[in-house]
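What follows is a short report on a single structure.
The values are calculated or read from the model by the stated rules, or taken from the named source; none is laboratory data. Here the structure is a predicted model, which means the values were calculated and not measured. Every residue, glycine as well, gets a Cβ built from its backbone with ideal geometry; the counts of neighbours run over all protein chains shown.
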Amino acid sequence: MSVIEGKKAKEILKKAEFIAVLTGSGISAESGIPTFRGNDGLWKKFSPEELSSFEGFYRNPAMVTEWYRYRRKIILGTKPNPAHLALADLERIVAEFYLITQNIDRLHQRAGSKKVIELHGNIMENYCMKCGKVFDIEEFDCVYEKFEDHVPRCECGGYIRPNVVWFGEPLPEEAFSEAYKAAVNCEVFISIGTSGAVRPAADLPRYAKYNGAYLIEINPERSYLTDIADLWVKGKAGEVLPQFVEEVKKLKGMK
Ligand code: APR
C-alpha cells in the first residue's frame, strides 16, 4: 500500500527539485523524547511559562537551568530514529532541500542531515547573556560545577542561559529569513510531527501553500495544518517516512 496517495501527489513529487521540510517534536517522539502538547506532552506536566520563558528564568534561574540539564540528559541518551535518517536520505536525492526544525535536540544533525535551520536554537549550547560567549556542553558543565546555587555565571559576571528560543522571544533573524525564503520558493513543503500551534514557525506551511507549493503533512493526528494540506499522510513519522522517501526515489527512477 502506497503512502503517497493520488496521481497529483505522485506527479508533483516525481518532478520536484526544491523541497522544504518543517519538523516538530513529533519526529523525535519515536526516539523517546516527549512532545509538548500530546496527552503525555511536557506542557501537560510542566508550566512553559515557568520553564521556557525569560520571566521564568529571571524568577528562578536555578530551576530553569536544572530543567534544561534534565532535558539535555534525556536527549543525549536517545538516538535518531528512522524518520530522521529518512530525511537525511531525502536531502541527498533532491537538488534544493531545506530542513527547518523547531526541535532543539540536534537529532537531525546526528542522523546526517547537513542543511538544518534551527528556528528555536539548540539544547547543546549555552551562552552568556552579558558578553554573548557561547559554552558547549563540556565548558558549561565545568562552569556549572563551580556554582553551588546551580546558577552558572560567566567570567564577565553575566548569567549563562540555554541557547534556545523561549516563549515571547524573537526567532534567530537569519534562521527565520532563510526558512521563509525556502517556504515561499519551494515546490513541495512537508510538515512533519508538528501541531502547528506555535507561530511564526507554524506560518511557514501557510506561506508555502499560498505561494503555490504542494503541502504535505505527516502526522498520526490532525493538527492546525491538516485542513490546508493537499495530502495528509496519517501515520507515525518513524513508520511512514522511510516508505515515503523510498517511493519518491522510485518515482524519480532512482530505485
Ligand atoms: N510521528 C509524527 N508526528 C507525531 C508523532 C510521531 N511518532 N507523535 C506525535 N506526533 C505529532 C502530534 O500529533 C502533534 O501534532 O507531533 C505533534 C507534536 O506537537 P507539539 O507537542 O505541539 O510539538 P511542536 O509542534 O513541535 O511544538 C512547537 O512549541 O513548546 C514549543 O518550542 C516548543 O518547538 C516547540 C513548539
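A few comments on the model shown:
- Of the residues examined, Val233 is not one that is out of contact with any helix residue (DSSP H, G or I) (no Cβ under 6 Å at 6 or more places or on another chain) and within 12 Å of the ligand (Cβ to nearest atom).
- For the stretch 205-224, the set of residues classified as buried (at least 23 other Cβ atoms within 10 Å of the Cβ), away from the ligand (no atom under 16 Å from the Cβ) and not in a helix (DSSP H, G or I) consists of Ala213 only.
- Condition broken by Lys45, with the remaining ones in (1) surrounded by fewer than 13 Cβ atoms within 10 Å (Cβ to Cβ); (2) more than 14 Å from the ligand (Cβ to nearest atom) satisfied: (2)
This table checks each residue for (1) of a type outside the set (Ser, Thr, Tyr); (2) within 14 Å of the ligand (Cβ to nearest atom); (3) in the same structural domain as Arg206 (by TED's automatic domain parsing).
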| position | (1), (2), (3) |
| --- | --- |
| Lys10 | yes, no, yes |
| Gly41 | yes, yes, no |
| Glu66 | yes, no, no |
| Arg72 | yes, no, no |
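- Flag if Phe54 is more than 15 Å from Lys249 (Cα to Cα), more than 15 Å from the chain's Cα centre (by Cα) and not aliphatic (A, V, I, L, M): yes
- Sole exception among (1) assigned to a helix (DSSP H, G or I); (2) outside the structural domain of Gln243 (by TED's automatic domain parsing) for Gly26, by number: (2)
- Hits in the stretch 160-204 - residues which are within 26 Å of Lys236 (Cα to Cα), part of a loop (DSSP other than H, G, I, E, B) and not acidic (Asp, Glu): Cys186, Gly193, Thr194, Ser195, Gly196, Ala197, Val198, Arg199, Pro200, Ala201, Ala202
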